[in-house]
Amino acid sequence: MQSANLQKDKLELIEKIIHTEDQSTLDFLKDVLSDDNSEYKLTEEQKLIVEEATAKYYSGEDPGLTWEQVKNNIRKRNFQD
C-alpha cells in the first residue's frame with residue numbers, strides 16, 4: 001500500500017498536469033515518462049569517459065568535490081565574469 005504522502009504527491013501532480021496549458025511542458029513530461037529512453041543513451045565514447053572518471057575516483061587519483069565545493073567554484077566563476 002502506498003503511503004499517504006506518496007498518494008497526495010501523485011494527486012497534486014495530476015492536478016497540475018490537468019491545468020497545464022503549455023504544450024512544451026506536456027511534451028517534456030511525455031518524454032520523461034516515456035518507456036523509450038533510447039534518446040538518452042550514452043555513446044561508447046561517453047561511456048569510456050565515465051568509466052575512466054569512475055576508475056580515477058575509486059583509485060583515489062581524483063577525489064572529486066563535495067556539493068559545497070562545486071557551488072563555491074560556480075559562484076567564484078560567476079563573480080569573475
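The values are calculated or read from the model by the stated rules, or taken from the named source; none is laboratory data. Note that the structure is predicted; figures quoted are calculated from it, not measured. Backbone-built Cβ (ideal geometry, glycine too); neighbour counts: all protein chains shown.
The figures follow:
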{"item": "Residue within the stretch 33-46 that is under 21 Å from the mean Cα position of the chain (by Cα), surrounded by 10 or more Cβ atoms within 10 Å (Cβ to Cβ) and at pLDDT 90 or above present", "result": "yes"}
{"item": "Filtered residues of the stretch 1-25 (kept if loosely packed, with under 11 Cβ neighbours inside 10 Å and polar (S, T, N, Q))", "result": "Q2, S3, N5, Q23, S24"}
